[in-house]
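Step one of this worksheet: look at the structure below.
The values are calculated or read from the model by the stated rules, or taken from the named source; none is laboratory data. From a predicted model like this one, the values you see are computed outputs, not experimental measurements. Backbone-built Cβ (ideal geometry, glycine too); neighbour counts: all protein chains shown.
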Amino acid sequence: MKIQRMSQVAALALVGSLSLAACGSDSNSTSDSSSGSASGSSSASGSESAAGGGEDCGKVAIKAEGSSAQKNAIEEAISSYGDKCADAQVDYNPTGSGAGIKQFIAGQVDFAGSDSALKTEPKDGKIEADEAKKFCGSEAWNIPMVTGPIAIAYNVKGVDKLVLTPEVAAKIFKGQITKWNDPAIAKINSGATLPASDIKVFFRSDESGTTENFTNYLNKAASAVWTDEKSKSWKGKGEGKEKSAGVAEATKSTDGGITYVELSYAKDNGLAMAQIDNGGGAVELTSESVGKAVAGAKQTGEGNNLALKLDYTTKEAGTYPILLVTYEIVCSKGKDAEKQAAIKAFLKHFASDDVQKGLEEIGYAPLPDEVKTKVNTAIDAIS
Amino acid sequence: MSTLDTAGGASAATTRSEYASGDLGGKSAGREIKNQIARIVVWGCFLIACVPLVWILGSALVKGGHMLLSPDWWSHSQAGITARRVGGGAVHAIQGSLIQALVTALISVPIGVMTAVYLVEYGRGKLARAVSFMVDILTGVPSIVAALFVYAVWVTTFGFQRVAFAVCLALMLLMVPTIVRSTEEMLKLVPNELREASYALGVPKWKTIFKIVLPTAFSGIVTGILLGLARVMGETAPLLILGPYTKNIATNLFSGNMATLPTMIDRDRTEALQPAIDRVWGAALTLILIILILNLLGRLVAHFSKVRN
């Protein structure tokens with residue numbers, strides 16, 4: 001009968017899909033060497049304790065959601081965590097900081113990643129920090145984990161060192177300064193031979209957190225010139241290019257080009273990066289100068305709640321001011337002890353020297369030591 | 001398919017008219033011009049309709065084809081693979097998509113088929129009209145609305161986690177009406193003489209339906225189910241809202257995240273790094289292939305077994 005033939009086909013399909021399922025493997029740790037340049041760090045740190053596990057590893061799967069700015073960093077950390085603890089599983093969905101906090105408060109995820117700390121002032125009649133507290137049954141902590149510096153990258157023949165003040169940078173990106181040998185640039189770059197060529201500004205044509213942070217900096221540090229509030233879409237002048245890769249590529253191939261881009265892209269494309277002079281002398285973008293900005297940030301939370309307030313207008317010498325800090329938001333005391341232990345184990349791994357150092361290769365800056373000590377104290381206090 | 005048929009029909013019509021004109025000798029220049037214009041328009045429309053199809057298939061093949069050739073693609077998950085690392089596979093997403101489609105089908109098929117049986121065999125009066133009307137409305141519900149409805153019930157009201165089963169519930173809302181409609185059409189095609197012959201032999205109504213009506217329309221019903229399944233597998237909104245992505249293989253419908261092909265595409269779609277871009281195209285091509293196979297299967301079943309008269 002026809003039905004029998006149908007059920008045979010159905011059975012075949014079922015067996016097929018089941019066998020596909022049976023063959024599937026989560027183990028990718030051995031096949032990671034093929035990408036060359038940037039993959040080294042994770043596998044190296046993983047192999048030392050590959051057989052280990054034990055109390056450093058979580059026993060239950062944890063779910064997290066939030067900021068896309070820390071996506072690459074946390075993926076790297078998850079990857080090396082997976083090498084260390086074969087059974088531990090961490091899922092991170094980069095849906096954006098706002099979504100992450102909402103899902104955390106709603107109890108849908110175990111911790112949230114966010115570019116800004118939980119707000120303590122009311123917004124729409126609700127205070128994020130209080131809402132989170134209500135869900136946790138204890139205080140929710142903001143733990144800074146990743147810092148992402150933004151470089152002002154440029155391509156001008158014969159100019160290896162370029163210093164910009166916030167005002168001049170804002171004017172360039174606003175289109176008020178159009179020539180490289182403009183007196184305003186020449187004044188702060190005495191000794192450099194600036195060509196008379198046009199400045200070609202490239203900006204991100206897609207909505208981007210980088211744009212948001214960069215415009216936030218311009219707005220705070222050069223409020224007289226850059227009057228627009230921070231926004232994900234570009235309000236300045238120039239030519240739009242898709243994604244970080246696009247602006248970096250365009251700057252690289254255009255003499256006289258300038259753009260703002262994450263550190264990793266500037267490095268990968270071999271672009272020169274401008275030094276920033278906020279008033280305390282020109283500062284190069286290095287992990288130290290970025291770390292100094294993080295270390296110099298004011299802690300607005302109490303105790304182990306490490307919410308930081310970055311000072312974009314800092315005049316402290318040797319501090320690079322254009323960066324963002326992203327947090328992991330966790331319950332200080334959770335209802336599920338096993339889950340809290342798993343979160344603790346993962347964050348401990350994330351904050352470890354190996355992982356933080358590896359982040360440097362992919363364009364983040366490691367946490368400075370003072371902050372790292374505080375972060376570790378906070379993680380230890382999670383229960 | 002239908003575009004193809006139209007174009008084929010049109011060209012056949014043209015050859016016939018040319019043939020006829022040759023026989024009768026001479027035809028007005030006006031009609032000749034109109035004929036040419038019509039031919040160009042029809043062919044033009046056909047080609048325009050083909051452009052996006054060929055374009056999508058072509059670019060997915062060119063950009064993602066090489067991913068599917070690697071055996072890892074079909075045997076490994078993305079666990080531990082970051083956007084800048086080459087390697088890993090899509091087995092977690094393929095499996096997740098298949099599991100969710102299967103569970104959705106297991107729930108929707110009995111409901112859908114039974115509803116159709118009721119509408120065709122039993123339904124008279126107000127209730128039947130109400131059911132029919134509701135099915136019509138459900139057919140028109142956008143997937144995002146179904147997803148948000150399930151979110152409101154499952155997460156907001158009951159306070160459950162976002163899990164694969166919630167996705168299945170939302171997909172079910174989309175699949176049931178399509179199954180009801182297609183099954184209804186198939187059951188209506190079953191000749192009444194068959195039912196009457198069965199009754200004449202003293203077979204009760206329920207037995208007639210199960211032994212005579214449903215088997216007769218079986219292939220048509222299967223086709224409808226397969227097409228409904230293909231539609232549901234390509235659905236994205238419920239997955240984005242109710243099914244967070246994971247890079248690990250997951251089989252638990254009621255706890256934890258489960259990956260699917262659409263969420264795998266969504267995950268890396270904004271990424272600028274080449275390995276991630278390759279994976280996005282690979283996943284897109286895999287999804288297209290799976291849906292294509294389901295569609296072809298549906299048509300094959302329909303082709304080889306028509307409702308017997």
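Observations, loosely collected:
- Members of the range B:237-261 that are surrounded by fewer than 24 Cβ atoms within 10 Å (Cβ to Cβ) and within 21 Å of B:ARG84 (Cα to Cα): B:ASN248, B:ILE249
- Residue within the range A:277-284 that is touching a residue at least 40 places away in the same chain (Cβ under 8 Å), polar (S, T, N, Q) and either assigned by TED's automatic domain parsing to the domain that holds A:GLU360 or assigned to a loop (DSSP other than H, G, I, E, B) (or both) present: yes
- The condition of being touching a residue at least 40 places away in the same chain (Cβ under 8 Å), surrounded by fewer than 21 Cβ atoms within 10 Å (Cβ to Cβ) and not acidic (Asp, Glu) holds for only one of B:LEU57, B:LEU53, that being B:LEU57.
- Restricting attention to the range A:58-85, the residues being at the interface with chain B (Cβ under 10 Å from one of its Cβ atoms) and more than 26 Å from B:ALA152 (Cα to Cα) number 14.
- A:LYS134 vs. criteria part of a helix (DSSP H, G or I), surrounded by fewer than 24 Cβ atoms within 10 Å (Cβ to Cβ) and more than 10 Å from every other protein chain (Cβ to nearest Cβ): yes
- Scanning the range A:309-327 for residues that are in contact (Cβ under 8 Å) with a residue 24 or more places away in the chain and either crowded, with 22+ Cβ neighbours inside 10 Å or basic (Lys, Arg) (or both) gives A:LYS315, A:THR319, A:TYR320, A:PRO321, A:ILE322, A:LEU323, A:LEU324, A:VAL325, A:THR326, A:TYR327.
- Test: residue in the range B:130-143 that is touching a residue at least 60 places away in the same chain (Cβ under 8 Å) and either of a type outside the set (Phe, Trp, Tyr) or assigned by TED's automatic domain parsing to the domain that holds B:SER182 (or both): yes
- Helices (runs of 4 or more DSSP H) lying entirely in the range A:149-247 (those with 3 or more residues that are within 19 Å of the chain's Cα centre (by Cα) and closer than 16 Å to A:LEU323 by Cα): A:209-221
- Taking the range A:228-251 as the range and being more than 14 Å from chain B (Cβ to nearest Cβ) and crowded, with 18+ Cβ neighbours inside 10 Å as the test, the residues that pass are A:TRP234, A:GLY236, A:GLY238, A:THR251.
- Residue ranges of helices (runs of 4 or more DSSP H) in the range B:144-255 with at least 3 members away from chain A (no Cβ under 14 Å): B:164-189, B:192-200, B:205-208, B:218-233
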